[in-house]
Amino acid sequence: MAPAREVVRKEHGDIKSGMILIDQLEAVIGKGKDGYAWNAQGWYGGDIDRLWFKTEGESNFGERLESVEVQALWSRALDPWWNLQAGVRHDFRAGRDRSYAVLGVQGLAPYWFEVDGALFLSDKGDVTARIEAEYDLRLTQKLILQPAAELNFAAQDVPELGIGSGLSTAELGLRLRYQFVPEFAPYVGVNYERAFGDTADFRRAEGEKAGGLKFLIGIRSWF
């Protein structure tokens, strides 16, 4: 029976597939210089094991990239709703590149909240963490309101990166998109980001504000 089960598994339960999701590709408009940002991820594999990548970044129009983050992860299904993820992350910053080991979980919480949480250990010994959550509220079949939140934490001060210990930053966003087809949906929105504690002090020392409100215009797409 074992050979027969293996044939069934390969032919009916071991199908490889993949997806690329550009969750956010947006212009960021606020006080000071306008900029742009992106947040995308993709995966390839079967029902249990997958290779996963994530990337996000931001900068101002007409300037060099301010920051780019790339993650390469192995993902293992814990159950139908949650995946355990482990791998590496690299941040590209002007003169301040840094690499991290990553351990996290990603999945669907009760009431259909999409949650992504991870712990990062850098090659300098810094320990940070991030948790993100978002929810799609369908106002109509094509009009979708997406509230989102992100919290970042650090176990210690990292002055060279402008990060303070404890809760370093928090973001709240609200995006309203119109889904012409499932694979293409332009949106408008707002995002409020705030730094706390020593992170806010580091920003003020650089002549920046601790936080502010920004308006967003972008697209969401997948293939």
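For this structure, a couple of remarks:
- The chain - Kirkwood radius from inverse mean 1/r over Cα pairs (Å): 19.2 Å
- Looking at the range 29-162, the accessible area is 57 square angstrom per residue; that uses a 1.4 Å probe and ignores ligands, DNA and RNA.
- Gain upon complete extension [Ser99, Leu78; 0.36 nm per residue less C-alpha separation]: 4.9 nm
- Other residues with beta-carbon under 14 Å from the beta-carbon of Arg177 carry, at +1 per Lys or Arg and -1 per Asp or Glu, a net charge of -1.
- Computed lengthening from Leu65 to Phe196, 0.36 nm per intervening residue step minus Cα-Cα distance: 44.7 nm
- Length-normalised contact order for the chain - Cα pairs under 8 Å, 6+ apart - percent: 14 percent
- Calculated diffusion of the range 28-146, Stokes-Einstein form, Kirkwood radius summed over Cα pairs, 37 °C and 0.692 mPa s, µm²/s: 202 µm²/s
- Alpha carbon centroid spacing (whole Å) that separates the range 156-192 from the range 77-121: 15 Å
- Summing charges over all other residues whose Cβ lies under 12 Å from the Cβ of Arg130, with Lys and Arg as +1 and Asp and Glu as -1, gives -4.
- The string of couplings for the range 195-200 from the Karplus curve (6.51, -1.76, 1.60, θ = phi - 60°) is 9, 10, x, 5, 4, 5 Hz, one whole number per residue in order, with x for Gly and Pro.
- A 1.4 Å probe over all protein chains sorts Glu56, Glu206, Glu160 by accessible area into Glu206, Glu160, Glu56, starting with the largest.
- Carbon + sulfur, % of accessible area of the chain - ligands and nucleic acids excluded, 1.4 Å: 63 percent
The values are calculated or read from the model by the stated rules, or taken from the named source; none is laboratory data. Everything quoted here is computed from the prediction, not taken from an experiment. Neighbour counts run over all protein chains shown; Cβ positions are idealised from the backbone, glycine included. In case anyone asks, the SASA skips ligands and DNA or RNA and just uses the protein heavy atoms, side chains included. Shrake-Rupley method; radii C 1.70, N 1.55, O 1.52, S 1.80 Å.
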